[in-house]
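A.B. asks: This structure is in structure tokens; I'll ask about it shortly.
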Amino acid sequence: MKRLIAAVAVQLACVGLAVAPQLSARTTGDVYEFTVGPVDPIDPFRGAYVALSYPDLRRGDDGASLGVLDDGHRGDVFVSLTKQGDVWAASDWSRTRPAQGPYLACDDHGWQIDCGIESWFLPQGKAIEVEKAVLDETAIARVKIDSRGNAALLDVTTD
């Protein structure tokens, strides 16, 4: 019985660690708005979603992602933000956490930088509808970012 309780406790701890950054951003973060565009609405294995591109956060010419920090290293990437009109944009990219914010805490362990705000899952019909709307109009993503740079996508609107 003790082993079962220990196994359940470990699993709950792992789940808690996995969702902690998103939960922290949603509960303690401030709202920032970014210009977004669509990339791809359907993945046969993951379901319907809108993959979002953030033109004002991009590094390099890759229109479908946030780019890469091509310095020969992999790991944490911090994107410092600055206000440009009504939206926020990247002002600097660094491997070290900025002393002051706002900034996004991202990583580039994969083939591109991931800040956790690149996919917005929706019902299939709604994902296609949102993608069409985003293609035709300027879309704004509302993102909550906490003091550690953890981010959670709240909404995408076309105004």
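A.B. asks: At a 10 angstrom cut-off on C-beta neighbours, averaged per residue, how do the peptides 149-157, 94-102 rank from highest to lowest?
C.D. replies: 149-157, 94-102
A.B. asks: What is the extension gain from residue 82 to residue 11, computed as 0.36 nm multiplied by their sequence separation minus the C-alpha to C-alpha distance, in nm to one decimal?
C.D. replies: Net length gain for the segment: 21.7 nm.
A.B. asks: Any idea of residue 132's accessible area? Nearest 10 Å², probe 1.4 Å.
C.D. replies: The accessible area of residue 132 comes to roughly 120 Å².
A.B. asks: Another one. Once label points are set 7 Å from the Cα along Cα→Cβ at both residue 94 and residue 1, what is their separation, rounded to one decimal in nm?
C.D. replies: The two pseudo-label positions are separated by 5.4 nm.
A.B. asks: With every protein chain in place, what's the accessible area of residue 103 (1.4 Å probe, Å², nearest 10)?
C.D. replies: Around 10 Å² of this residue is reachable by solvent.
The values are calculated or read from the model by the stated rules, or taken from the named source; none is laboratory data. The structure presented is a predicted model; accordingly, all values stated were derived computationally and were not measured. Backbone-built Cβ (ideal geometry, glycine too); neighbour counts: all protein chains shown. Quick note on the areas: whole protein, heavy atoms, side chains included, nothing else; ligands and nucleic acids left out. Shrake-Rupley method; radii C 1.70, N 1.55, O 1.52, S 1.80 Å.
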